[in-house]
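Worksheet for the structure shown next.
The values are calculated or read from the model by the stated rules, or taken from the named source; none is laboratory data. What you see is a predicted model; the values in this text were computed from it and never measured. Note that we place each Cβ from the backbone using ideal geometry, even for glycine, and neighbour counts take in every protein chain shown.
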Amino acid sequence: MSIVEYTAQPSRVLFREGRSYVEGILLPEILGGRPCMYIHKVFVAEETRRAGVGGMLLEKAKDFAIRRGCHKVFLICKTDVVGFYKGCGYEGCGYVEDQHVMTLRLGGKVE
């Protein structure tokens with residue numbers, strides 16, 4: 001797996017395994033007074049679906065966010081993948097238009 005971090009603000013990070021990847025954006029202290037990570041893109045190549053690659057990439061993003069002091073990771077997804085994200089520990093917390101907002105708390109009290 002390769003990890004490429006972009007240093008422009010907001011700070012972007014890319015976790016890649018073959019053609020599959022997760023792209024996150026580290027957001028400064030805006031939610032609850034502490035930084036968080038927004039998962040901007042998730043792509044799992046069809047040939048590696050249901051093989052644990054997506055979950056592994058999300059776990060790497062979570063570990064990276066913890067090391068950066070983030071208190072949560074959040075993303076927006078379509079209904080057909082909500083079960084996948086719930087299986088990775090995310091919880092639904094609202095909607096944006098017809099998509100679900102999912103969040104993963106990383107510890108501590110979240111405002």
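Descriptive notes on the structure:
- Matching residues in segment 57-73 - criterion: being without any contact (Cβ under 8 Å) to a residue 40 or more places away in the chain, under 17 Å from G89 (Cα atoms) and surrounded by fewer than 19 Cβ atoms within 10 Å (Cβ to Cβ): E59, D63
- Residue in segment 85-111 that is modelled with the highest pLDDT, counting only those that are in contact with a His (Cβ under 7 Å, 6 or more places away or on another chain) and aliphatic (A, V, I, L, M): L106
- Taking segment 85-106 as the range and being outside any strand (DSSP E or B) and closer than 17 Å to L26 by Cβ as the test, only L106 passes.
- Residue in segment 83-103 that is without any contact (Cβ under 8 Å) to a residue 60 or more places away in the chain, of a type in the set (A, V, I, L, M), in contact with a Cys (Cβ under 9 Å, 6 or more places away or on another chain) and surrounded by 19 or more Cβ atoms within 10 Å (Cβ to Cβ) present: yes
- Residue selected from segment 14-34 under the condition in contact with a Leu (Cβ under 7 Å, 6 or more places away or on another chain) and either of a type in the set (D, E, K, R) or over 14 Å from L104 (Cβ atoms) (or both), by the criterion surrounded by the most Cβ atoms within 10 Å (Cβ to Cβ): F15
- V82 falls short of the stated requirement of being modelled with pLDDT of 90 or more, in a strand (DSSP E or B), within 14 Å of the chain's Cα centre (by Cα) and not polar (S, T, N, Q).
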